[in-house]
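Trainee: Mind having a look at this structure? Questions to follow.
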Amino acid sequence: MHISCGYAKKLIHECDFCKGSIVMSEPIFRGVWYLWKRQHRRYWHFNCYIDQAKLYLELNPFVPSEHVNGGRPRMDISPGDRRNRKNLLVQASKVRTQMKEVVEYKFPGWELNLESLQFRLRILAERIEPIGGVPKKWFT
Ligand SMILES: [Zn+2]
């Protein structure tokens with residue numbers, strides 16, 4: 001339904017809320033919608049529409065969302081640490097992707113390659129340990 005407001009251009013028989021008539025030039029809300037290609041209209045006194053809306057809001061009170069900022073709460077670390085931690089997470093993600101590829105394609109010398117990648121991941125783990133800990137999925 002499309003709602004707009006304006007003035008009654010003529011006498012309107014029935015307000016959809018109070019069922020009273022609406023005099024010409026009174027402020028009104030108009031509702032228009034289409035069903036099976038037929039146009040339907042509804043009219044309200046300006047104040048009746050507001051009352052109806054208030055009633056609706058009272059019957060449907062505000063419910064705060066459980067996910068206020070979406071996802072997990074922020075870690076309690078300094079902005080600098082947060083930046084470092086993010087850098088380390090990105091680096092580790094790249095290393096882990098490479099590890100997956102090495103294991104998948106097994107090019108000659110892949111074991112050595114994997115070892116060096118594991119070594120890099122351990123170094124990253126040591127650096128991230130004091131700023132929020134090592135994510136569990138790194139070593140699974
Ligand atoms: Zn009314």
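What follows is calculated from the coordinates using simple rules that are stated; it is not laboratory data. These numbers were taken from a predicted model, which means no experiment stands behind them. Methodologically, a virtual Cβ is constructed for each residue, glycine included, from the backbone with ideal geometry; neighbour enumeration extends over all protein chains shown.
Trainee: Mind giving me the FRET efficiency for H2 and K37? R0 is 25 Å, r the Cβ-Cβ distance, nearest 0.05 is fine. Please report the intermediate quantities before stating the final value.
Mentor: Details: r = 16 Å, r/R0 = 0.63.
Plugging the Cβ-Cβ distance into 1/(1 + (r/R0)^6) gives 0.95.
Trainee: Here's another thing I want to ask about it. Using the Karplus curve 6.51 cos²θ - 1.76 cosθ + 1.60 with θ = phi - 60°, what ³J(HN,Hα) values do you get for each residue of region 21-27, in whole Hz, with x for Gly and Pro?
Mentor: Once rounded to whole Hz, the list reads 8, 10, 7, 4, 6, 6, x.
Trainee: Just to verify a number: FRET efficiency for D76 and E104, C-beta to C-beta distance, R0 = 41 Å, to 0.05?
Mentor: After rounding, the FRET efficiency stands at 0.60.
Trainee: Given the convex hull over the Cα atoms of the chain, what projected area results after averaging over all orientations, in nm²?
Mentor: Mean projected area of the Cα convex hull: 17.8 nm².
Trainee: On a straight-distance basis, which aspartates and glutamates could pair with K106 in a cross-link, Cα separation under 15 angstrom, same-chain partners fewer than 8 positions away excluded?
Mentor: Hits, sequence-local ones excluded: E115.
Trainee: Arrange the following residues from fewest to most other Cβ atoms within 10 Å of their Cβ: M75, M99.
Mentor: Starting with the residue having the fewest Cβ neighbours, the order is M75, M99.
Trainee: About the Cα centre of region 2-59, what is the dipole size in debye to 20, counting +1 per Lys and Arg Cβ and -1 per Asp and Glu Cβ, all else neutral?
Mentor: Roughly 380 debye, rounded to the nearest 20.
Trainee: Going by alpha carbons, how many degrees (0 to 90, nearest 10) lie between the helix axis of 46-59 and the longest principal axis of the chain?
Mentor: Tilt relative to the chain: about 40 degrees.
Trainee: Between K54 and R83, what is 0.36 nm times their sequence separation minus the Cα-Cα distance? Round to one decimal in nm.
Mentor: So the extension gain works out to 5.8 nm.
Trainee: Suppose every K and R has +1 on its Cβ and every D and E has -1 on its Cβ; what is the size of the dipole of the chain about the Cα centre, in Debye to the nearest 20?
Mentor: So the dipole magnitude of the chain works out to roughly 400 debye.
Trainee: Tally Lys and Arg at +1 and Asp and Glu at -1 over the other residues with C-beta under 12 Å from the C-beta of V134: what net charge comes out?
Mentor: On the way: positive: R85, R122, R127, K136, K137; negative: E126, E129.
Net of charged neighbours comes to +3.
Trainee: Now a separate question. For region 2-59, treating each Cα as an identical point scatterer without solvent, what Debye log10 I(q)/I(0) comes out at q = 0.22, 0.23, 0.24 1/Å?
Mentor: With one equal scatterer per Cα and no solvent, log10 I(q)/I(0) is -0.85, -0.90, -0.95.
Trainee: Could you order the peptides 29-39, 79-89 from most to least packed, using the average number of other C-beta atoms within 10 Å per residue?
Mentor: The packing order, highest mean first, is 79-89, 29-39.
Trainee: From the C-alpha coordinates alone, can you work out the Kirkwood hydrodynamic radius of region 79-139, in Å?
Mentor: Numbers: mean 1/r = 0.0823 Å⁻¹.
Evaluated on region 79-139, it is 12.2 Å.
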